[in-house]
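The values are calculated or read from the model by the stated rules, or taken from the named source; none is laboratory data. Note that this is a predicted model, so its numbers are computed, not measured. In this analysis, Cβ positions are derived from the backbone assuming ideal geometry, glycine residues included, and neighbour counts consider all displayed protein chains. The protein model used for the area step is the full one, side chains on, heavy atoms only, and it has no ligands, DNA or RNA in it. Shrake-Rupley method; radii C 1.70, N 1.55, O 1.52, S 1.80 Å.
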Amino acid sequence: MAAIDKLYVHSYYEYDDLRRWAIAYYPELLFYFYDIIMTYQQWKINSNAYAKIHIAIAKRDYEKIGIESRAVENLIKHYKESVGYDCPREQAEEEAFSIIDAYHKTARDWEDSYTCPVLNTPFEVDKKLLWICPVPCVRKYLEEQCGYKTRWYHKLFWRGKKHF
């Protein structure tokens, strides 16, 4: 299953808004949720684990490049010695910048970048959501992932729009 099929949320509050809207206006949508009983504590545990894993990865990668001023050369050398790959300088510069940026992120930065897939819907449900759902994360999903454009007449049929 590709990641494009899933609706991701960036905060517990987006998840909670979507779940509350589904309970009130479209209960059938709950069948497509991965977890309908997630709590804020579970969200925090998951985001903390995500941050710890990515901090460890960032430290490992940072050790690979060595001193920041020679990061590009060290990365090219690392690829040549470890796998025999002649890494282009442009690729090494981009990757070194990414590694350094990741290394300097705090745990809070990693927690804030945590996203979680909450549901996977078939095409028919996506079409129905286009017409009835005002929740911002769903609107973004429909436009960016599904390619639907929200028109003025769709807004006429939204359910619960005064709350969102």
Self-check item: Flag if A51 is under 30 Å from A96 (Cα atoms), open to solvent by less than 30 Å² (accessible area, probe 1.4 Å) and part of a helix (DSSP H, G or I)
Solution: yes
Exercise. May I ask you to verify whether I76 is open to solvent by 60 Å² or more (accessible area, probe 1.4 Å), without any contact (Cβ under 8 Å) to a residue 60 or more places away in the chain and either aliphatic (A, V, I, L, M) or more than 30 Å from K127 (Cβ to Cβ) (or both)?
Key: no
Quiz prompt | Of all residues in the range 12-37 being without any contact (Cβ under 8 Å) to a residue 24 or more places away in the chain and not in a helix (DSSP H, G or I), the one that is least open to solvent (accessible area, probe 1.4 Å) | solution = I36
Self-check item: Number of the condition not met by R139 [criteria: (1) among the basic types (K, R); (2) within 17 Å of H10 (Cα to Cα); (3) open to solvent by 80 Å² or more (accessible area, probe 1.4 Å)]
Solution: (3)
Quiz item: Is it the case that E111 is more than 24 Å from the chain's Cα centre (by Cα) and closer than 30 Å to Y13 by Cβ?
Solution: no
Self-check item: Residue list for the range 148-164, filter: within 18 Å of D5 (Cα to Cα) and open to solvent by less than 50 Å² (accessible area, probe 1.4 Å)
Solution: Y148
Self-check item: Lone qualifier among K59, K162, K140 - being in contact (Cβ under 8 Å) with a residue 12 or more places away in the chain, out of contact with any Leu (no Cβ under 6 Å at 6 or more places or on another chain), charged (D, E, K, R) and on the phi < 0 side of the Ramachandran plot
Solution: K59
Practice problem: Run down A56, A71 and say which single residue is farther than 14 Å from E111 by Cβ and open to solvent by less than 40 Å² (accessible area, probe 1.4 Å). | Solution: A71
Quiz item: Which residues, taken from the range 103-127, are open to solvent by 20 Å² or more (accessible area, probe 1.4 Å), in contact with a helix residue (DSSP H, G or I) (Cβ under 9 Å, 6 or more places away or on another chain) and part of a helix (DSSP H, G or I)?
Solution: Y103, A107, R108, D109, W110, E111, D112
Quiz item: Going by the structure shown, is L75 more than 28 Å from I36 (Cβ to Cβ) and in a helix (DSSP H, G or I)?
Solution: yes
